[in-house]
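Participant: This is the structure I have questions about; it appears just below.
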Amino acid sequence: MSILAQQRLHELADVKDELAARDWFFGTSGNLSIKVDEYPTTFFVSASGKDKRKRTNEDFLLVDAKGYPVEETPLKPSAETLLHVKIYDRTNAGCSLHVHTIDNNVISELYGDEGAVTFKGQEIIKALGVWEENAEISIPIIPNHADIPTLAETFSQYINADQGAILIRNHGITVWGKNAFETKKALEAYEFLFSYHVKLLSLKNIYNLHLINQGGIANGNNSFTCK
Ligand SMILES: [Zn+2]
């Protein structure tokens with residue numbers, strides 16, 4: 001293995017350990033990839049069905065631009081490798097991270113019918129490289145298809161920049177970016193926004209239920225309707 005490939009593998013394993021420490025790989029879900037070469041493209045991707053809380057020599061395998069193993073191996077690429085294939089095919093991204101968390105699933109369900117969720121005026125948006133006052137960030141939400149080629153086809157229609165994110169309804173988020181560091185930073189920022197929003201909605205609902213029980217305001221400035 002080349003020195004570059006070893007470096008990339010190490011970087012990706014470190015990201016996996018950090019995300020595992022956050023408990024973002026429920027039930028062996030989630031998959032990660034990092035680009036090694038261009039012309040032709042090769043990238044490391046998670047092997048299927050591994051416990052991502054453990055670090056072993058069989059966590060990742062090298063695949064080509066179509067997601068097929070580059071060398072003979074007993075390891076199978078993650079079933080969702082095709083999503084990573086689409087990202088490297090359409091962008092200059094160097095890393096792609098896909099996690100299923102409770103917060104990203106809740107957000108995708110709340111706003112799935114609208115096809116996107118938008119956040120505004122939060123400091124953490126700067127971590128996504130948007131620095132304007134009252135910046136707005138919008139994340140598309142696509143339906144979840146059990147058939148991966150169908151899912152990948154829908155998914156690929158929303159890949160239009162070298163960094164970005166797509167929510168798959170009641171499934172998870174994929175975030176891609178220039179390198180492992182930038183991509184992990186963006187993923188953390190998105191998950192912060194989701195978690196904040198879920199907590200805020202829950203508290204507002206409790207607050208309003210309390211008001212209604214007290215015979216207070218059911219409609220008006222203090223009211224809140226959960227979508
Ligand atoms: Zn998934």
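Derivation of every value follows stated rules applied to the coordinates shown; laboratory data play no part. For clarity, every value in this text was computed on a predicted model and none was experimentally measured. With ideal geometry, Cβ positions are generated from the backbone for all residues, glycine too; neighbour counts draw on all protein chains shown.
Participant: What dipole magnitude, in Debye to the nearest 20, does the chain give about its Cα centre under +1 on Lys/Arg Cβ and -1 on Asp/Glu Cβ?
Facilitator: 440
Participant: For R90 and A21 in the same chain, what is the full-extension length gain: residue separation times 0.36 nm, less their Cα-Cα distance, in nm?
Facilitator: 21.8 nm is the gain from fully extending R90 to A21.
Participant: Which residues does a label at K204 reach in segment 99-121, if reach means a backbone N under 19 Å from a point 7 Å past the Cα toward the Cβ?
Facilitator: Output list for this probe position: 103-121.
Participant: Expressed in nm to one decimal, what extension gain is obtained for the pair T56 and D162 from 0.36 nm per residue of sequence separation less their Cα-Cα distance?
Facilitator: Here the answer is 35.1 nm.
Participant: Also, quick follow-up: Taking a temperature of 20 °C and a viscosity of 1.002 mPa s, what whole-number D in µm²/s does Stokes-Einstein yield for segment 66-131 with Rh from Kirkwood over alpha carbon pairs?
Facilitator: Approximately 140 µm²/s, per Stokes-Einstein.
Participant: Take every Cα-Cα distance within the chain, group them into 10 Å bins from 0 onward, and report for each bin the whole-number percent of pairs it holds.
Facilitator: Spelled out bin by bin, the chain gives 8, 31, 33, 16, 7, 3, 1, 0 percent.
Participant: Report the extension gain between N213 and D14 in nm, rounded to one decimal, defined as 0.36 nm multiplied by the number of residues separating them, less their alpha carbon distance.
Facilitator: Additional length available on full extension: 66.7 nm.
Participant: State the answer as a single residue: which of N179, N92, G121 lies farthest towards the positive end of the charge dipole of segment 3-200, with beta carbon charges of +1 for Lys and Arg and -1 for Asp and Glu, about the Cα centre.
Facilitator: N179
Participant: May I pose another question? With point charges of +1 on the Cβ of Lys and Arg and -1 on the Cβ of Asp and Glu, referenced to the Cα centre of segment 3-200, which listed residue (A189, Q157, A79) lies farthest in the positive direction of the dipole?
Facilitator: Looking along the dipole axis, the top candidate is A79.
Participant: Which whole-angstrom value gives the distance between the alpha carbon centres of segment 115-139 and segment 15-74?
Facilitator: 29
Participant: Then there's this: Ignoring everything except DSSP H segments at least 4 long, calculate the 222 nm mean residue ellipticity for the chain; use -39,500 (n - 2.57) per segment, divide by total residues, nearest 500.
Facilitator: When only DSSP H runs of four or more count, the value is -12000 deg cm²/dmol.
Participant: For segment 1-57, which semi-axes, largest first and in whole Å, follow from the square roots of 5 times the eigenvalues of its Cα gyration tensor?
Facilitator: Equivalent-ellipsoid dimensions as semi-axes: 22, 12, 9 Å.
Participant: I'd like to verify something in the chain: which complete DSSP H helices, judged by Cα projection on the helix axis, reach 18 Å or more and average at least -0.5 on the Kyte-Doolittle scale?
Facilitator: Sorted by number, the helices that extend far enough and score high enough are 3-21, 180-213.
Participant: Report, to one decimal in Å, the Kirkwood hydrodynamic radius for segment 13-103 based on all distinct Cα pairs.
Facilitator: When all Cα pairs of segment 13-103 are included, the Kirkwood radius is 13.2 Å.
Participant: Hey, how much of the P(r) for segment 126-168 falls beyond 15 Å, as a percent of Cα pairs?
Facilitator: Here the long-distance tail beyond 15 Å is 51 percent of all Cα pairs in segment 126-168.
Participant: Run the simple label-point estimate for E71 and L4 please: 7 Å along Cα→C-beta, distance reported in nm.
Facilitator: 1.6
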